[in-house]
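Read-outs throughout are calculated quantities, based only on the coordinates presented, and are distinct from any laboratory measurement. If you're wondering where the values come from, they're calculated on a predicted model, not measured in any experiment. Methodologically, a virtual Cβ is constructed for each residue, glycine included, from the backbone with ideal geometry; neighbour enumeration extends over all protein chains shown.
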Amino acid sequence: MDLNLYNYKSQKNFSQKHLLGLSYLTEDEIYQILSLALKLKDENKKGIVHHHLKGKTLGMIFEKSSTRTRVSFEVGIYQLGGYGLFLSSSDLQLGRGETIEDTARVLSRYLDGIMIRTYKQEDVENLAKYASIPVINGLTDLLHPCQVLADLMTIYEIKRRFKGLKLAYIGDGNNVAHSLLVGCSKVGMDITVACPEGYEPEAKIVYIAKKNATLHGSNVTITHSPQKAMENADCVYTDVWTSMGQEAEVSARLSAFKEFQVNKELFGMAKENAIFLHCLPAKRGQEVTDDVIDSDNSVVFDQAENRLHAQKAVMVLLMGQQK
Ligand code: CP
Ligand code: NVA
């Protein structure tokens, strides 16, 4: 039977305490999030207000810059009747050496949830280990799970299915590529990552994705040919060549990635009705040209909007269950 996320009924409770990465979630839990996100979006458009998290507080720790993640979480918790606190790590004692463990214990005494954007995935895992409240990964060097939930939501809204679709990711084997590998393989989509030699996704992530894909009979492919990746692609995704924290590598990366630009010619090799996705911010003229990102096939601003709805669903499912 076709997947209907607009009317998805799970037989199970959402049992996760945190959102640290998509590999921790079952396929059913991903569908629970996406289904609630679609419902919240629909209600939001109709002006229906639900204060599912009335009086709850979300602390948002940022060790890296952000536009979408910060604004969508802050607006999201507000729309749910709660309050969001922006906590720049340089203003916290964390920035002066207080441990993650102590920070987790202290913040758990004030807050109902923590969202953190930082460098090391290990720091997010540790925060979750020592916190008594839900922890949400708002991006690490390794993963970007909130982004990919919004991406899957966007893909579903347009294509109304996952199985049988192919996503071609062109560029760096980075945090976004990693979460796409896990997310797409969990929902049964084919995914091909095309990257220059030396910029492949981490082997442990590819291993997880291939294991997920086996369960669905779908495919996970890593290639060095962007043209090969585009064959039969329904979704074409790219991200910056230089992620936050890699600024010293800019010139080496500019030359390594020059054949991996998603321009009109490359995009034209995908299926005719293929959609273009980018997590944003984009470096226009580098990984993508204006004629692709501004084309009718581009859904980048739907993805950005869906961050709000998907994260509201995540917060309701994680923070709404607390006693
Ligand atoms: N896509 C994304 O996470 O954007 P920000 O860095 O602006 O939060
Ligand atoms: N790969 C990018 C994603 C930004 C949302 C980075 O980590 O900078």
*Can you tell me which of Ile116, Ile77, Ile100 is over 17 Å from the mean Cα position of the chain (by Cα) and closer than 15 Å to Cys146 by Cα?*
Ile77
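Listed here are the residues, each with its yes/no results for (1) closer than 21 Å to Val148 by Cβ; (2) within 13 Å of ligand 2 (Cβ to nearest atom); (3) surrounded by 20 or more Cβ atoms within 10 Å (Cβ to Cβ).
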| position | (1), (2), (3) |
| --- | --- |
| Ala248 | no, no, no |
| Asn263 | no, no, no |
| Asn273 | no, no, no |
| Leu280 | yes, yes, no |
| Asp294 | no, no, no |
| Glu305 | yes, no, no |
*Got a number for residues in region 85-125 being in contact (Cβ under 8 Å) with a residue 60 or more places away in the chain and of a type in the set (Ser, Thr, Tyr)?*
1
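Taking the conditions exactly as written (over 23 Å from Gly76 (Cβ atoms), surrounded by fewer than 21 Cβ atoms within 10 Å (Cβ to Cβ) and acidic (Asp, Glu)), does Glu157 satisfy them or not? I'd like the intermediate steps shown before the answer.
Working: over 23 Å from Gly76 (Cβ atoms): no; surrounded by fewer than 21 Cβ atoms within 10 Å (Cβ to Cβ): yes; acidic (Asp, Glu): yes.
So Glu157 does not fit the description; no.
Pick from region 226-267 the residues that are more than 16 Å from ligand 1 (Cβ to nearest atom) and touching a Lys or Arg at 6+ places or on another chain (Cβ under 8 Å): which of them is farthest from Ala177 (Cα to Cα)?
Keep residues of region 226-267 that are more than 16 Å from ligand 1 (Cβ to nearest atom), which gives 226-236, 248-267.
Then keep just the ones that are touching a Lys or Arg at 6+ places or on another chain (Cβ under 8 Å); that gives 232-235.
Working: Asn232: 19, Ala233: 16, Asp234: 17, Cys235: 13 Å.
Restricting to residues being more than 16 Å from ligand 1 (Cβ to nearest atom) and touching a Lys or Arg at 6+ places or on another chain (Cβ under 8 Å), the top hit is Asn232.
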*Scanning for something surrounded by fewer than 20 Cβ atoms within 10 Å (Cβ to Cβ), within 16 Å of ligand 2 (Cβ to nearest atom) and among the hydroxyl-bearing types (Ser, Thr, Tyr), does region 118-129 turn up at least one residue?*
yes
*Among (1) under 23 Å from Thr67 (Cα atoms); (2) not basic (Lys, Arg); (3) not in a strand (DSSP E or B), the one test that Leu277 misses*: (3)
*Can you name the residue in region 190-218 that is touching a residue at least 40 places away in the same chain (Cβ under 8 Å) and not in a helix (DSSP H, G or I) and, of all such residues, is nearest to Leu167 (Cα to Cα)?*
Thr192
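For region 150-189, name all the residues that are farther than 19 Å from Lys39 by Cα, assigned to a helix (DSSP H, G or I), touching a residue at least 60 places away in the same chain (Cβ under 8 Å) and within 16 Å of ligand 2 (Cβ to nearest atom).
Of region 150-189, the ones farther than 19 Å from Lys39 by Cα are 163-189.
This time we only want the ones that are assigned to a helix (DSSP H, G or I), so: 175-186.
Checking the rest, the ones that are also touching a residue at least 60 places away in the same chain (Cβ under 8 Å) come to 175-177, 179, 182-183, 186.
Scanning region 150-189 gives Asn175, Val176, Ala177, Ser179, Val182, Gly183.
Of all residues being of a type outside the set (Lys, Arg) and without any contact (Cβ under 8 Å) to a residue 40 or more places away in the chain in region 36-62, which is farthest from Gln79 (Cα to Cα)? Just the residue, please.
Top of the filtered list is Asp42.
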*asked:* Contact list please: Cβ distance under 9 Å, first residue in region 251-279 and within 30 Å of Met153 (Cβ to Cβ) and touching a residue at least 12 places away in the same chain (Cβ under 8 Å), second residue assigned to a helix (DSSP H, G or I) and aromatic (Phe, Trp, Tyr), pairs at least six apart or on different chains.
replied: Leu266/Phe260; Ala274/Phe267; Phe276/Phe267
